Amino acid sequence: MGEVFALPTFDADGSRKGIDLDVAGLSWSSRNGPRQRSFYAIATIDLGLEPGGEYPHARCDINFSDGERLRIEITNDNRHGADILAYRAFLVDFFDKLGPVHRARIVFNHGPSPLKRMVWIILSGSLLALCIGFLIFALLFANLRQDNSWLLVPLMLMFVVMMTAALQASIRIRQQTFDPMTVPEGALPALPKT
């Protein structure tokens, strides 16, 4: 038995707490009993980070070659400092225990998940189309000579520019590979302030 990290884990059977890391693999509790997988079964490891917003979190998705996924996810704010420290310690120990042989064949990614990226692209593209449609409507059908109606045009142009920038950012941001021995700080939760 290796070191046990008291981190929330999520798999196809639901969520539990605690993951055991030893020299040969991982083990965790699942709704259907204890689970264990060797490092040889790992295909990719994806790190994601949501630093702000209503539900800030940091996640590590361990994807196995048979399609199964184990997610370790913590809340990423100052009230969960112990979880952040445990999560960072887990990643350091995990990547160290993988060793050069496993690290060479596993793909390490960080950044937004493909699903989240697609949602942002669709949302920003839809809002851009809506802004362009409203701008065309204002130019063709609104009486711009009345009161301050002409202010609608620069306002809508500003929204079109903002939505275009948001769409470009959504398209540009994608998962990137990283070296597990030099994990980018942007993929890790910030150390809690003391």
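The values are calculated or read from the model by the stated rules, or taken from the named source; none is laboratory data. Here the structure is a predicted model, which is why all the values come from computation and not from measurement. Cβ atoms come from the backbone with ideal geometry, glycine included; neighbour counts cover every protein chain shown.
Looking only at region 31-41, count every residue that is more than 13 Å from L98 (Cα to Cα) and surrounded by 16 or more Cβ atoms within 10 Å (Cβ to Cβ) and tell me the total.
1
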Any idea which of (1) at pLDDT below 90; (2) over 13 Å from the mean Cα position of the chain (by Cα) is the one H57 doesn't satisfy? (2)
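Let me confirm something: among I132, I84, which residue is over 21 Å from E3 (Cα atoms) and at pLDDT 85 or above? Walk me through how you get there before you give the answer.
On the way: I84 fails: over 21 Å from E3 (Cα atoms).
The unique qualifying residue is I132.
Closer than 15 Å to P189 by Cβ, charged (D, E, K, R) and touching a Gly at 6+ places or on another chain (Cβ under 8 Å), is that true of R37? It would help to see each step written out before you state the result.
Details: closer than 15 Å to P189 by Cβ: no; charged (D, E, K, R): yes; touching a Gly at 6+ places or on another chain (Cβ under 8 Å): yes.
Answer is no for this residue.
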Quick one: which residue in F90, F108 is assigned to a helix (DSSP H, G or I), buried (at least 18 other Cβ atoms within 10 Å of the Cβ) and not charged (D, E, K, R)? F90
Starting from region 17-30, keep only residues that are under 21 Å from R103 (Cα atoms), then list their pairs with residues that are among the small types (G, A, S) and at pLDDT 90 or above whose Cβ atoms are within a distance under 6 Å, requiring at least 6 positions of separation or different chains. D20/S27; A24/S38; G25/S38
With surrounded by 14 or more Cβ atoms within 10 Å (Cβ to Cβ) and at pLDDT 80 or above as the only criterion, which of T177, T182, T164 stands out? T164
For region 87-113, pairs from a residue that is under 19 Å from Q176 (Cα atoms) and in contact (Cβ under 8 Å) with a residue 40 or more places away in the chain to a residue that is of a type outside the set (A, V, I, L, M, F, W, C) and surrounded by 13 or more Cβ atoms within 10 Å (Cβ to Cβ), with Cβ under 6 Å and 6 or more apart or across chains, are F95/P180; R103/P180; V107/T44; F108/P180; N109/D46; N109/Q175; G111/Q175
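Just to be sure, is A41 more than 19 Å from the chain's Cα centre (by Cα) and in contact (Cβ under 8 Å) with a residue 60 or more places away in the chain?
So A41 does not fit the description; no.
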What residue, among those in region 73-87 that are crowded, with 19+ Cβ neighbours inside 10 Å and hydrophobic (A, V, I, L, M, F, W, C), is nearest to L26 (Cα to Cα)? I74
Matching residues, region 104-129, being at pLDDT 90 or above and of a type in the set (D, E, K, R): R105
